[in-house]
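Working notes, structure below.
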Amino acid sequence: MKTRILIVDDELSMREFLSILLEREGYEVLTAADAALAQERLASNRIDLVISDVQMPGLSGLELLARIKKETPDTAVLLITAFSTAEQAVEAMKLGAYDYLAKPFKVEEIKILVRNALEKRDLRRENRILREKASECDGFAGIIGRSPRMRELFGLLHKVTETSSTVFITGESGTGKELAARAIHNGSARKNKPFVAVNCGAIPENLIESELFGHVRGAFTGAVGDHPGLFEQANGGTVFLDEIGELPLSMQTRLLRVLQEREVRRVGGNCTKKVDVRVVAASNRDMADQVKAGNFREDLYYRINVFQIVMPPLRERIEDIPLLVEHLLCKHALSAQVTISSDALKALMTYGFPGNVRELENIIERALVLNNECIAVDSLPQSVRGGTHRFDLYGGVNIPDDGMDLEAAMESLEKQYLLKSLEKAGGSKTRAAELLGMSFRSFRYKLSKYELLPADGMS
């Protein structure tokens, strides 16, 4: 489908000149002699770009611009005038014009402006579509993803919410283990009761017993009153024990008894108290190795590892990066108009992310500080632009020690070739299909299957 441009100018010679110029560039061109006729054209046609004079009989170009941005905000507008003033230029940009060009102008100048205006329009549209997709899948306690790995994860989370079993969540730092724990709690029958998160590695060893199980007055220096522990505070709800591998062995024994007996005894106390809590534990360590090394009790490991959920690292679900980026832009950007360039997105998708989603969020926040309109490659850290932790999406084979899902890996590779071909073809699905030796229908089907782009998003 050709890009359609509407030229609005009361001078016939200007309309004819721009029509011939832009049709030679491959665009479909419509014309209007005034703003009233232009509005009729806009109402009955899909218009990608409007090039309008400012001074015209009836509505001015600025007034037409305001109406266009109100009724069809995705339409790009380029204003031209023979009577340029700084005040008009400022007003035009405030109203949403892509640019403001004074007559007479050079042919190459108008060509470049038209091309850039359309590219920015397409970029905003693609970013908006990604934002909509991100919001659609932001329904599982903020966990974003549509890749096969994430769909499998969502299925497991849904199943485990229907039980009261103890859950053990594993995965690298920054993969969202606490988000998964909250999803389990919020989807369970305990959702109206407390969710208490505990970082086992952040509490001093001499205080952790009191924090978890409470203490009575006089139990130790500074214990001026009775204090319920976190297990009591979470009664009826969920306790999330993050980095459980950091617990000292003495505390592992106490915790095992609490899990077995479902009761706690405060430090310095003589009586026990029944507690009804669901325990969700998490660690970024290989706990089986910790058991072998004698750092973690085997009986406690089997007690917490009733139902295991593995959070995939970001590098194993790179097709989710565009959705995550748009979700983070919605979360952190001051304006909904902020976009990310295709080059910046490509750089993110070829980066290894040792810090996973948490690192991606930090990168986006940093980029927004540097550029609050469009995140470009130079807004990204050097490590992302071409330094460390990069990997080749299109070459190299690695099989993890614990095995892999070949079908999922092949699907991920196929998606990358689809995206790469679209990039190489400048967004044309027809040309991209030719590059991969596929029919247009097959190519479009695969885009739809993997939900990479809407079927009518490109020609």
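What the table shows:
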{"quantity": "Nitroxide proxy distance, nm - points 7 Å out along Cα→Cβ at K191 and K106", "calculated": "6.2"}
{"quantity": "Rg(Cα) / (2.2 N^0.38 Å) computed for region 300-347, rounded to two decimals", "calculated": "1.78"}
{"quantity": "Bridge type composition, the chain - antiparallel percent by DSSP, nearest 5", "calculated": "15"}
{"quantity": "Surface/4 estimate of mean projected area, convex hull on alpha-carbon atoms of the chain, nm²", "calculated": "28.9"}
{"quantity": "Spin-label zone in region 410-431 - amide nitrogen under 18 Å from a point set 7 Å from the Cα of S442 along the C-beta vector", "calculated": "410-422, 429-431"}
{"quantity": "Local electrostatic count, T163, Cβ distance below 13 Å [Lys/Arg +1, Asp/Glu -1]", "calculated": "+2"}
{"quantity": "Proximal lysines to K449, defined as alpha-carbon separation beneath 23 angstrom and excluding residues fewer than eight positions away on the same chain", "calculated": "K133, K346, K415, K420, K424, K429"}
{"quantity": "Protection proxy ranking, peptides 87-94, 142-149, average beta carbon neighbours within 10 Å, highest first", "calculated": "142-149, 87-94"}
{"quantity": "FRET E, pair E11, R125, Förster distance 35 Å, beta-carbon r, rounded to 0.05", "calculated": "0.65"}
{"quantity": "Compactness of region 4-134 as Cα Rg over 2.2 N^0.38 Å, two decimals", "calculated": "1.01"}
{"quantity": "Cα-Cα pairs of region 148-310 separated by more than 28 Å (percent)", "calculated": "20"}
{"quantity": "Residue-span extension gain [L452 to T253] - 0.36 nm each, minus C-alpha spacing", "calculated": "66.7 nm"}
{"quantity": "Full-stretch length increase - S342, E152 - with 0.36 nm per residue and alpha-carbon distance subtracted", "calculated": "65.5 nm"}
{"quantity": "Per-peptide average of other Cβ atoms within 10 Å, ordering 96-104, 270-278 highest first", "calculated": "96-104, 270-278"}
{"quantity": "Protection proxy ranking of 164-175, 296-307 - average other beta-carbon atoms within 10 Å, highest first", "calculated": "164-175, 296-307"}
{"quantity": "Computed over region 132-256: relative contact order in percent, which uses C-alpha pairs under 8 Å that are six or more apart", "calculated": "23"}
{"quantity": "Inter-label distance, nm, simple model (7 Å from Cα along the C-beta direction), E25/D226", "calculated": "7.9"}
{"quantity": "The chain: relative contact order in percent, alpha carbon pairs under 8 Å with at least 6 residues between", "calculated": "12"}
{"quantity": "Computed label-point distance, nm, for sites D378 and A293 using a 7 Å Cα→Cβ extension", "calculated": "4.5"}
{"quantity": "Mean projection area, nm², convex hull over Cα of region 226-280", "calculated": "4.0"}
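Only the coordinates and a few stated rules stand behind these numbers; no lab work does. Here the structure is a predicted model, which means the values were calculated and not measured. Cβ: placed from backbone, ideal geometry, glycine included. Neighbour counts: every protein chain shown.
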